[in-house]
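No value in this document is a laboratory result; all are computed from the given coordinates. Just so we're clear, the structure is a prediction, and the values are computed from it rather than from any experiment. Cβ: placed from backbone, ideal geometry, glycine included. Neighbour counts: every protein chain shown.
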2 protein chains.
Amino acid sequence: MIQSRVHVCDLREHVGRTVTVCGWVSALRLQGKMQFVIVRDGTGPVQVTHKRDGGPLEAQLQALTPESAIKITGRVVDAPQVKLGGLELVPEAVEVLNPAATPLPIDVHTGIEHRLDWRFLDVRRRPAAQLMFAVQTTLEQGMREYAYAQGATEMHTPKLMGTASESGAEVFKLVYFGRSAYLAQSPQFYKQMAISAGVEKVFEIGPVFRAEPSFTSRHATEFTGVDVELAWIDGVEDVMAFEEHILAYAIAKVADAHGEAVREQFDVEITVPTTPFPRITMTEAHDILRKGGWDPEGIKEDLDPEGERSINAHIQQATGHEFVFITHYPVGTRPFYHMRPADDPSVTLSFDLLWKGLEVTTGAQREHRYDVLLKQAAEKGMSPEPMQDYLNAFRYGCPPHGGLGLGLGRVLMAMLGLESIREATFLFRGPNRLTP
Amino acid sequence: MIQSRVHVCDLREHVGRTVTVCGWVSALRLQGKMQFVIVRDGTGPVQVTHKRDGGPLEAQLQALTPESAIKITGRVVDAPQVKLGGLELVPEAVEVLNPAATPLPIDVHTGIEHRLDWRFLDVRRRPAAQLMFAVQTTLEQGMREYAYAQGATEMHTPKLMGTASESGAEVFKLVYFGRSAYLAQSPQFYKQMAISAGVEKVFEIGPVFRAEPSFTSRHATEFTGVDVELAWIDGVEDVMAFEEHILAYAIAKVADAHGEAVREQFDVEITVPTTPFPRITMTEAHDILRKGGWDPEGIKEDLDPEGERSINAHIQQATGHEFVFITHYPVGTRPFYHMRPADDPSVTLSFDLLWKGLEVTTGAQREHRYDVLLKQAAEKGMSPEPMQDYLNAFRYGCPPHGGLGLGLGRVLMAMLGLESIREATFLFRGPNRLTP
């Protein structure tokens, strides 16, 4: 890497020495006698202080433009009067590695859609956006550490499918050597095949695709899914236990690494959740919500976003916990492969997990008995032929299993209090957005 | 998880106790007086020994079919005469959780294509295939540990693009809300945008898509790419140094965790490579190969698979090293965004990495100067309009950078001596294969 480069956060250790800083021009104050340049790298800003002397360096500094990528070599000087860390860099040489055109296409007042058009500048210039990706990295690292420690195997399932998965609706179709292929809506069928392949705990983080014309703050046509599938479970409770532990572990890791920075940048306190998380059935959730006047017609089987926010708030008030599992979703709201309890075939052994009013996970025990699965598919009006490869996985000794799918962007939204999944994604994809 | 379940590998600690084993029926030997059932879980096989007594358990064991998923409870008995670990399980109860139909659709003689049709059974029944995925998990874990330690940020770049990436050839096209979208051939453009967004070290493991009608043992239409991009580099050497260190670290981790099992299952020794890896220029590689009679017409600019195998073998003989970087690829063999050295514009600051005769990586320093990039694109006959979003990333202060893309399946092929990338993939995708 660039010789003798020092990150801004480490400059204090180099007082009195000549070092090189690589970063972007954050601000320029070019005064009559002095030139001040604020240079920023990923670790913070530093002030470059140059006394005009009519030399070539003065001319170079004068020609700088905001956001240019520069390499600046100078002496680190202790300067208590300087607000930025009580330090300044007295420059000896500057090299513009990539000049920025003027004016910049966005500024601090630019709205979200135009910011997304220039996402690289948007992310580069906002410390909160930089922090978002650091948090994402730590969160995934934490989830993987927990999953690996539980003996999980990292699988990469195909995103290209020969037939439309699950429902057949909301699937992207593509041309594949003269025939049609489809993009996987989730790794669901394939992670279940991995279970039947003898993988005891399947773990995958990867893209999922939804051809859904939704324009809400929490939907995207492509997003990152965290998928888990567990074999030899006793019931759906095992899946919920795995989820609350992996989240508690990963959130603790984020709080430890970034808690203070998150407080500063997002004005949010990361609370490490205690386990177990509260659990209520859908019937209980409906009762609580209807007492508060929700769904006055009494026709809703599922929770709408308002219901999710209300029930989550109610549980937080009652228990102090930010999370709640809603269990026993009615059969009508769940796909055919969710298992149903023997004593009540009107519901499923499934759950959603809500965090701060946002649905972040859907999970379930899966029906692994071939004959029952066929019957449930038929009840939903689904033909077995297009999914015979999937169904075959249950004909030759598939263990009981269950799993969950967690939206990484939604977890980050809830954790950092982001207003939109657009802020939790590097390059957002929606029905109207395929660029940059 | 299932109460009192014990993995087969841990049974020795439970001699004299009654435990539950969950797994698959590997073999049945039903004799006149005795019933022997070999049950296997992910950790190994155990013999279940039952003396016929005319009871219900005898009938249940008699009805078992190979590969059925069962839960069997019994007493662990020390039995030195039993080949499988000197142990046997004397059954008290058996429950068939998912019966396997008979006959099984594949057996040990089944060829690769038919095995892929029944991949879940293929993977479940072959310890080598199980090990393959354990090795993959450890390899990725090792690469992430190294990348995180270097300060890398995990990014998820979009697979859906508004315009065909890079060359425009070999890209899958899909219908996207009434217009066209394309599947990313690589995260190349987006990871460079992340560099321009101020991410110093980009790390991503995710799917890449190639609409290439290739039927070789090392091509797939969808595979898992490991992508790295590094900002503020001094030159392409920084990228090669990162790659040799991440590989050495991850391979050491695999050797440590699975070296003995790999020797047993694949008859392969995992050698932890020393750093630096050997480096030769393409010109040197050509000279060496042509002395051996390769490309007698003297027309090839690139290396063909035979050339890759020969040069890798030559270097291994000369240095004892399994890897070799080939550097300075001619401009004609590389994309427009590879940087060219100031003193020789006929070549690029790029490299391939070969391991045991197989190309596992392509990397380069990228051209980050907007005007030079435009010129190089024009020279390749490319129009700037469709890639203006990409080009914009170089107009507002993009630091010098370089990176690499590594094919996870190819690394596993080289490491384990697999004959085909089909064996290094859970569910292979090729021009003729979109199932299961």
### Message
Using the Cα centre of the protein assembly as shown as the reference point, and only Cβ charges (+1 on K/R, -1 on D/E), how large is the resulting charge dipole? Debye, rounded to the nearest 20.
### Response
340
### Query
Which whole-Hz ³J(HN,Hα) couplings does region A:268-285 yield from phi under the Karplus relation 6.51 cos²θ - 1.76 cosθ + 1.60, θ = phi - 60°, glycine and proline marked x?
10, 9, 7, 9, 6, x, 7, 10, x, 6, x, 10, 9, 7, 4, 4, 4, 4
### Query
For residue B:260, which inter-copy label distances result when the label point lies 7 Å beyond Cα on the Cα-to-Cβ vector, reported in nm to one decimal and in ascending order?
4.5
### Query
With the Cα gyration tensor of chain A giving a ≥ b ≥ c as the square roots of its eigenvalues, does the rule (a/c under 1.5 for rounded; else a/b larger than b/c for prolate; else oblate) give rounded, prolate or oblate?
prolate
#### Entry: Partners for residue A:71 among aspartates and glutamates (Cα-Cα distance below 14 Å; same-chain residues under 8 apart left out)
A:41, A:92, A:95, B:234
### Summary
Placing each pseudo-label 7 Å from Cα in the direction of the beta carbon, residue B:215 and residue B:297 end up separated by a distance in nanometres of 2.3
### Query
How far apart are the residue B:245 label points across copies, placing each 7 Å from Cα toward Cβ, in nm, shortest first?
3.5
### Summary
antiparallel share of DSSP beta bridges within region B:120-424, to nearest 5, in %, is 90
#### Entry: Exercise: per-residue mean of other protein chain Cβ atoms within 10 Å, A:194-207
6
#### Entry: Average beta carbon contacts from partner chains per residue of B:325-334, 10 Å cutoff
0
### Message
Please find, among residues of chain B, the one with the beta carbon closest to the rotation axis relating it to chain A, distance in whole Å.
### Response
B:174, 2
### Task
For chain A, with a Gaussian network of springs between Cα atoms less than 10 Å apart, report the residue from A:230, A:404, A:64 with the top mean-square fluctuation.
A:64
### 5 angstrom amide H check on residue B:97, placed H, neighbours 5+ away
B:69, B:70, B:71
### Query
Can you work out the FRET efficiency for the pair residue A:10 and residue B:344, with r the C-beta to C-beta distance and R0 = 45 Å, to the nearest 0.05?
0.75
### Query
Cα centroid distance between region A:70-118 and region A:198-245, in Å?
41
### Using a 7 Å Cα-to-Cβ projection, residue B:55 label spacings across copies, nm, ascending
9.7
### Length-normalised contact order for chain A - Cα pairs under 8 Å, 6+ apart - percent
13
## Note on the structure
With the dipole of the protein assembly as shown defined by +1 on each Lys or Arg Cβ and -1 on each Asp or Glu Cβ, the option from B:178, B:268, A:275 whose Cα lies farthest towards the positive pole is B:178
### region A:15-48: trypsin sites (Lys or Arg not before Pro) in DSSP loop, at most 13 other beta carbons within 10 Å
A:17, A:33
### Query
Hey, in the GNM for chain B with a 10 angstrom Cα cutoff, which one of B:102, B:221, B:327 fluctuates hardest?
B:102
### Task
For residue A:171, enumerate residues with amide H under 5 Å from its amide H, sequence gap 5+ or separate chain, H modeled in the peptide plane.
A:211
### Message
Counting only helical runs of four or more DSSP H residues, what would the 222 nm mean residue ellipticity of the protein assembly as shown come to if each run contributes -39,500 (n - 2.57) and the total is spread over all its residues?
### Response
-9500 deg cm²/dmol
### Query
In nm, what is the difference between 0.36 nm times the number of residues separating residue A:1 and residue A:283 and their Cα-Cα distance?
95.5 nm
### Summary
Using alpha-carbon positions, the gyration tensor of region A:70-151 gives root eigenvalues a ≥ b ≥ c; with a/c under 1.5 called rounded, otherwise prolate if a/b exceeds b/c, else oblate, the class is oblate
### Query
Which of B:122, B:352, B:256 moves most in a GNM of chain B, Cα contacts under 10 Å?
B:256
### Query
Can you give the mean number of other chain Cβ atoms that lie within 10 Å of the Cβ atoms in peptide A:423-432?
4
### Task
Would you mind checking region A:211-234 for residues with the amide N under 20 Å from a putative spin-label position 7 Å along Cα→C-beta of residue B:93?
A:232-234
### Task
Calculate one ³J(HN,Hα) per residue across region A:49-66 by plugging θ = phi - 60° into the Karplus curve 6.51 cos²θ - 1.76 cosθ + 1.60, and present them in order as whole Hz with x for glycine and proline.
10, 10, 8, 4, 9, x, x, x, 5, 4, 5, 5, 5, 4, 8, 5, 10, x
### Query
Residue by residue through region A:233-244, which ³J(HN,Hα) values in whole Hz follow from phi under the Karplus form 6.51 cos²θ - 1.76 cosθ + 1.60 (θ = phi - 60°), with glycine and proline marked x?
7, 8, x, 5, 4, 4, 6, 5, 4, 4, 5, 5
#### Entry: Farthest positive-ward along chain B dipole, Cα basis, beta-carbon charges - from B:91, B:289, B:24
B:91
### Query
Label 7 Å along Cα→Cβ of residue B:34; region B:86-106 residues with amide nitrogen under 15 Å?
B:86-91
### Task
Classify region B:107-242 as rounded, prolate or oblate, taking a ≥ b ≥ c as the square roots of the eigenvalues of its Cα gyration tensor: rounded when a/c is under 1.5, otherwise prolate if a/b is larger than b/c and oblate if not.
oblate
### Task
Work out Dmax and Rg for the protein assembly as shown from the C-alpha atoms and quote the Rg first, both in angstrom.
29.4, 106
